[in-house]
Amino acid sequence: MADSDGTSASAAPTGAGSSPPASSTAERSLRVDFYVIEGTGTAARLKVACRLAEKAYLASQRALIWHTERAELEMLDELLWTFADGSFVPHEWLTSNAAAEAPVLLSAASPPTAAFDFVVNLAADLPPFPHLTRRIAEIIDGDEGRRRAGRARFKAYRELGVEPVTHTLRAE
């Protein structure tokens, strides 16, 4: 059941070491949620990513936060330790030469080879590995360029046979 921001603690995990069945994206019932926030600041978008990662962690799901801008992902790395009083989200960087143990992984260049329960996409394009997850979260803020890229991703998901769900989040 989804809570007020559309996240779900009962989503069926795929398991970090397993691969989803070889089928089309729509047949695998990929779920895509767009979280739309009002502001244009990077911090607000990253804070939503932190909340989503925390929910996945608390639900014992493996999560990947994907971005193509390393500097912004480094900001998120720091924010995951401080975004809320009492929060603890164990995370580490995904690298091609090390086995990652943390339940939440960050990547700006190394596409995963194992499946994840949940992917938070902060990049301007679709993640290049939708076959490795059953759930993707897209976070869109008020920046016109990011909105334009978000509309393009929304359309691309529809072309893949996925009907994204949109959640409008109130400013904190």
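Each label point was placed 7 Å from the Cα along the Cα-to-Cβ direction; for L58 and T113 their separation is 3.4 nm.
Were the residues from L160 through F129 laid out at 0.36 nm apart, the gain over their Cα-Cα distance would be 9.9 nm. Taking one quarter of the surface of the C-alpha convex hull of the stretch 32-169 gives a mean projected area of 7.8 nm².
Length gained on full extension, E101 to T82: 4.7 nm, using 0.36 nm per residue less the C-alpha separation.
No lab work stands behind these numbers, since they all come straight from the coordinates. The model shown is predicted, which means the values in this text are computed figures rather than measured ones. All Cβ positions, glycine included, derive from the backbone under ideal geometry; neighbour counts span all protein chains shown.
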